[in-house]
Amino acid sequence: MSEAPTRRRSRSGGGAARRAERTAVKIETAKYIERNIPNFEVLSDAALDIIETNAETVLAEIGVNFVNNAPALERWRAAGAQIEGERLTSFTSSILRISE
């Protein structure tokens with residue numbers, strides 16, 4: 001009896017399609033995150049006013065030292081603050097609200 005030679009099975013076709021899939025540029029965009037938590041105010045306007053008033057009091061009574069920062073001192077001086085050495089000693093609260 002003669003035995004038929006066994007053939008090795010190989011893939012047939014589709015190589016070009018698999019190669020095209022591997023080399024294709026895939027761009028995935030991030031999904032949009034939707035915020036489901038409502039916005040809320042941590043502090044009331046009255047509480048913010050208290051903090052602002054107290055900050056102004058601390059700045060007025062204690063002052064601020066600007067060590068080795070002559071340009072900052074010049075800007076404060078130009079805005080109307082009183083400077084002694086490297087220390088901001090006196091200013092009006094309206095100076096703090098000047099915006100550029």
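Quick note: the coordinates plus some simple rules give every number you see, no bench work behind them. Keep in mind it's a predicted model, so treat the numbers as computed, not measured. Positions of Cβ are backbone-derived with ideal geometry, glycine not excepted, and every protein chain shown enters the neighbour counts.
Below, the figures for the structure above:
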{"item": "Shape category assigned to region 42-89 from the gyration tensor of Cα positions, a/c cut at 1.5", "result": "prolate"}
{"item": "For region 15-97: rounded, prolate or oblate by the Cα gyration tensor [a/c cutoff 1.5]", "result": "oblate"}
{"item": "Pairwise label distance in nanometres, Q82 with K26, each label 7 Å out on the Cα-Cβ vector", "result": "7.1 nm"}
